[in-house]
1. Just one of (1) touching a residue at least 60 places away in the same chain (Cβ under 8 Å); (2) within 21 Å of the chain's Cα centre (by Cα) trips up V290, so point out which.
2. Confirm whether E241 is farther than 23 Å from A25 by Cβ and surrounded by fewer than 20 Cβ atoms within 10 Å (Cβ to Cβ).
3. Examine the stretch 131-139 for a residue that is modelled with pLDDT of 95 or more, over 17 Å from T180 (Cβ atoms) and either within 16 Å of the ligand (Cβ to nearest atom) or not aromatic (F, W, Y) (or both), and state whether such a residue exists.
4. Please enumerate the residues belonging to the stretch 300-335 that are more than 16 Å from the ligand (Cβ to nearest atom), surrounded by 13 or more Cβ atoms within 10 Å (Cβ to Cβ) and within 18 Å of K259 (Cβ to Cβ).
5. Which of the strands (runs of 3 or more DSSP E) contained wholly in the stretch 181-276 include at least 2 residues that are assigned by TED's automatic domain parsing to the domain that holds D135 and either within 21 Å of the chain's Cα centre (by Cα) or within 12 Å of the ligand (Cβ to nearest atom) (or both)?
6. Answer yes or no as to whether P411 is surrounded by fewer than 22 Cβ atoms within 10 Å (Cβ to Cβ), within 17 Å of the chain's Cα centre (by Cα) and over 28 Å from I187 (Cα atoms).
7. Of the conditions (1) under 21 Å from the mean Cα position of the chain (by Cα); (2) under 25 Å from R279 (Cβ atoms); (3) polar (S, T, N, Q), N356 fails just one. Which one is it?
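The values are calculated or read from the model by the stated rules, or taken from the named source; none is laboratory data. What you are looking at is a predicted structure, and each value in this text was computed from that prediction instead of being measured. Quick reminder, even Gly has a Cβ in these numbers, built from the backbone with ideal geometry, and neighbours come from all protein chains shown.
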Amino acid sequence: MGRLVVVSNRVPAAQGRLQSAGGLAVALRAALKEGSCLWFGWSGRQVAGHDGYDPEVSLDEVGNVTYATIDLTHAEYDGFYQKYSNGILWPLCHYRAGLMNYDRKDQKIYQDVNALFARKLLPLLQPGDRIWIHDYHLFPLGQALRDLGVTAPIGFFLHIPFPPWSLMRALPHADGLLRTMQAYDVIGVQTEDDARNMNDGFSIVGVEAKARVFPIGIDPENFAKQAEEGLTHPDVKKLKESLSGKPFIIGVDRLDYSKGLLARFKGYETFLARYPEHRGKVDYLQVAPVSRGNVPEYRALRRDLDEAAGRINGTYGTYDWTPIRYLTHPVPRALLASFYRLADVALVTPLRDGMNLVAKEYVAAQDKADPGVLILSHFAGAAPEMESALMVNPHDADEIADALHKALTMPAGERRARWDLLEPDVWRVTAVTWAYNFITALSEARPA
Ligand code: ADQ
């Protein structure tokens, strides 16, 4: 069996390679366990660069995986990563064309960095390799590799949503972007909606390609174990003590406008206003580590959230009760699982999300005898698999308020019945099945 070559924008940093957090790294760890693998991408470092600058590839072997990384110049980081990937493609794919800051010169840098990735990867390839490219940063990489003569099977997986063509075409040259995707033997997306949207785009533009659905999952066994074992950790005990037996609501998201945090705070505020019986009798922890802090929209969101949390705490707080405990720094994963376990309710209310692994992690972390309640947005990619959650429209603050009241007063029998319907899918669709199904499809599409 040939090697699996994974390409993603970021490659986990050396210290995180065995134990790294974050959606992609966690999901891929399972896929990378067997056979020999190469993982290629950006090192996370920026360098000054100059005319004719050509980055060196650094290689590092850990177990069966060779990590190959290149540095980017400040200008490449800015144009490719911050502006085109995160300032244009990210908002557009999350149905927020109004937040897109398009500039033709960033598109050029995006194309150039994809061509650079192809050029640097080429000499590392071996006969028999299967190449698996990840996410929106690298849409045109497959074509760039084909242009250099690569004939290996190449697959692409999009972790974020793909919007209807009527919206996608707001991106100048979107048709060209779709055309480059003919280079792929397998194209994977998270949900049926994403596949339909992308395939409609392909047929309108006249592209011979087809997207298929490969929903991503977590490692439920490991997560459930962490949740249970972490209960004896001193920090988890401290959190538990601080709750003094009050019901506990949790939210865990990167600080990103797609996650619906502002609307969620408004929902919680409405809940406190309309259901005063819960004031002082419930605790809400929102963990929202700052992400992409140099992109203007993210800075603005941070200010709005700081303001909303301050207003809610100022209005409803008392000398001995804080309505929202709001953290903008990350919590270690080992603690997070047990935090979910302690939580009676999880608020997962993105405005749009490719999948949302937090919803699945929360379900996996519960105590089956006394599980908590998941409140989930219709617009998470996880929604079709998790309809036994309390489903909400995240734009409707009153609906979030009602769902919170319902969750906090739900009889144990109903909580168990809902969880019993959610749990099997979290075990059926996992990181392992996702990677296995994709890699199998890739091997079948074009035997290496
Ligand atoms: P993300 O947008 O990062 O991922 P998500 O699917 O929720 O969103 O995954 C985040 C991961 O990071 C989870 O494992 C979570 O536990 C962890 N995490 C989040 N906040 C954290 C915090 N405050 N502290 C510590 N850990 C935290 C993208 C897409 C998603 C898609 C994934 C995988 O946007 O829609 O589900 O890729 O494909």
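1. Against the list (1) touching a residue at least 60 places away in the same chain (Cβ under 8 Å); (2) within 21 Å of the chain's Cα centre (by Cα), V290 comes up short only on (1).
2. Working: farther than 23 Å from A25 by Cβ: yes; surrounded by fewer than 20 Cβ atoms within 10 Å (Cβ to Cβ): yes.
Yes.
3. First, the residues of the stretch 131-139 that are modelled with pLDDT of 95 or more: 131-139.
Filter once more, keeping what is over 17 Å from T180 (Cβ atoms): none.
No, the stretch 131-139 has no match at all.
4. Passing the criteria: D304, A308, I312.
5. Values: elements: 186-189, 211-213, 248-252.
Filter on the stretch 181-276 gives 186-189, 211-213.
6. On the way: surrounded by fewer than 22 Cβ atoms within 10 Å (Cβ to Cβ): yes; within 17 Å of the chain's Cα centre (by Cα): no; over 28 Å from I187 (Cα atoms): yes.
Against the criterion (surrounded by fewer than 22 Cβ atoms within 10 Å (Cβ to Cβ), within 17 Å of the chain's Cα centre (by Cα) and over 28 Å from I187 (Cα atoms)), P411 does not qualify.
7. All conditions are met except number (2).
Yes or no, residue by residue, for (1) in contact with a Phe, Trp or Tyr (Cβ under 6 Å, 6 or more places away or on another chain); (2) in contact (Cβ under 8 Å) with a residue 12 or more places away in the chain; (3) over 24 Å from A183 (Cα atoms):
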| position | (1), (2), (3) |
| --- | --- |
| L89 | yes, yes, no |
| H94 | no, yes, yes |
| L99 | no, yes, yes |
| R104 | no, yes, no |
| Q111 | no, yes, no |
| R119 | no, yes, no |
| L122 | no, yes, no |
